[in-house]
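Chemist: What follows is a structure written as structure tokens; I'll ask about it next.
The values are calculated or read from the model by the stated rules, or taken from the named source; none is laboratory data. Just so we're clear, the structure is a prediction, and the values are computed from it rather than from any experiment. So basically every Cβ, Gly included, is an ideal-geometry build from the backbone, and we count neighbours across all protein chains shown.
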């Protein structure tokens, strides 16, 4: 599915899409609760649809409206003895629900794309092995057995998605637990988002020091109505046009948000003023957007890029390949990427997006300067299904070929 973008300057006002990260968390808390909850400001991206499918499979009642979801929790329901979780290509969905399934203890089967199932799951594999829980991996992942309350000693540089999954599950156990990090924590902001969602559903989970989370056992998620805040991660791909000569106002973002990607505004400003070094360990999802801004402005060196390898694509190397198509030189190392600023050149062939939603948006941003064709544009539906409609609203000239709305 191809998209043709003509050179055009973005102008206007646009509302940030709902936070996918918070939507996942709030929907799951509602489904684990003791009653009926309504969650407003929902966008039905592929990842959120995957989570909704898994909630239904688990026994939650799901009623979708245009921009809201009503969820009937499973607290007072009989949970199926065997559950098939269809995770599509959502890493958050897979890792969150494995943690929940381990706490519930039923027989669980997790399905998804080949790429998803190839992403690291060693944290759960190690826990299952240590606690004699059945864990089998092949064309899908099968788990049967209960995790135990207690102390979980984990490295701080693992994906926060594992921590969130464990938090959702450990809350349901009858005794207290702790998660203790034995190294410096990366992506702490995503853990804090989880604690925020849990607190909204009256669940007590807290930091007792810089490396320890205490989880009170035997708690009940309390149903409530809430609203998903705006998403800084995807807002960055709208605000990016301001660094490319545009004049765009992005609304709907919560100033006191706990989202780590809220730093994008400061980082964009830095990149338009000077060539510097930026560590993206705590905001890896901003990597593609930051590299685009660097390429079109002063250049930069990005450190902490190693984790980009295990995203929807090998995102670091893919971004280097992408930028080269626009005449931008890069230096790629294991945990560092250098981007050299230069005049952007129009690519001679359609851009391959490697089925990665953030690569789609990064490429579209650059094409708004040079013009050109984008292949595999439908990958954007993973997180931002109406992205192309939104940038059209901002005066970007977009022609689609077979792109489903």
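Chemist: Any idea which residue in the range 307-348 is modelled with the lowest pLDDT, counting only those that are closer than 20 Å to residue 118 by Cα and surrounded by fewer than 17 Cβ atoms within 10 Å (Cβ to Cβ)?
Modeler: Step by step, filter the range 307-348, then rank; the result is 310.
Chemist: Right, something else. Looking at the range 213-237 only, could you name the residues that are assigned to a helix (DSSP H, G or I) and in contact with a helix residue (DSSP H, G or I) (Cβ under 7 Å, 6 or more places away or on another chain)?
Modeler: Result: 232, 233, 236, 237.
Chemist: Can you tell me how many residues within the range 183-212 are under 14 Å from the mean Cα position of the chain (by Cα) and either part of a strand (DSSP E or B) or assigned by TED's automatic domain parsing to the domain that holds residue 257 (or both)?
Modeler: So the answer is 0.
Chemist: Another question about this same structure. Has the range 136-159 got at least one residue that is touching a residue at least 12 places away in the same chain (Cβ under 8 Å), touching a strand residue (DSSP E or B) at 6+ places or on another chain (Cβ under 8 Å) and in a helix (DSSP H, G or I)?
Modeler: no
Chemist: Can you find, within the range 177-199, the residue that is surrounded by the fewest Cβ atoms within 10 Å (Cβ to Cβ) among those that are touching a residue at least 40 places away in the same chain (Cβ under 8 Å) and more than 24 Å from residue 224 (Cα to Cα)?
Modeler: 188
Chemist: State the number of residues belonging to the range 339-350 that are in contact with a strand residue (DSSP E or B) (Cβ under 6 Å, 6 or more places away or on another chain) and either part of a loop (DSSP other than H, G, I, E, B) or over 20 Å from residue 285 (Cβ atoms) (or both).
Modeler: Final tally of qualifying residues: 3.
Chemist: Which count do you get for residues in the range 289-306 that are out of contact with any helix residue (DSSP H, G or I) (no Cβ under 7 Å at 6 or more places or on another chain) and either outside any helix (DSSP H, G or I) or surrounded by 21 or more Cβ atoms within 10 Å (Cβ to Cβ) (or both)?
Modeler: Matching residues across the range 289-306 total 4.
Chemist: Which condition breaks for residue 86 when tested against (1) crowded, with 20+ Cβ neighbours inside 10 Å; (2) within 19 Å of the chain's Cα centre (by Cα)?
Modeler: For residue 86, the exception is condition (1).
Chemist: Now for a separate question. Residue 320 versus (1) closer than 14 Å to residue 363 by Cα; (2) under 21 Å from the mean Cα position of the chain (by Cα): which is the lone unmet condition?
Modeler: Exception for residue 320: condition (2).
Chemist: Any chance you could count how many residues in the range 355-382 are under 23 Å from the mean Cα position of the chain (by Cα), buried (at least 24 other Cβ atoms within 10 Å of the Cβ) and touching a residue at least 60 places away in the same chain (Cβ under 8 Å)?
Modeler: Residues flagged as under 23 Å from the mean Cα position of the chain (by Cα), buried (at least 24 other Cβ atoms within 10 Å of the Cβ) and touching a residue at least 60 places away in the same chain (Cβ under 8 Å) within the range 355-382 amount to 9.
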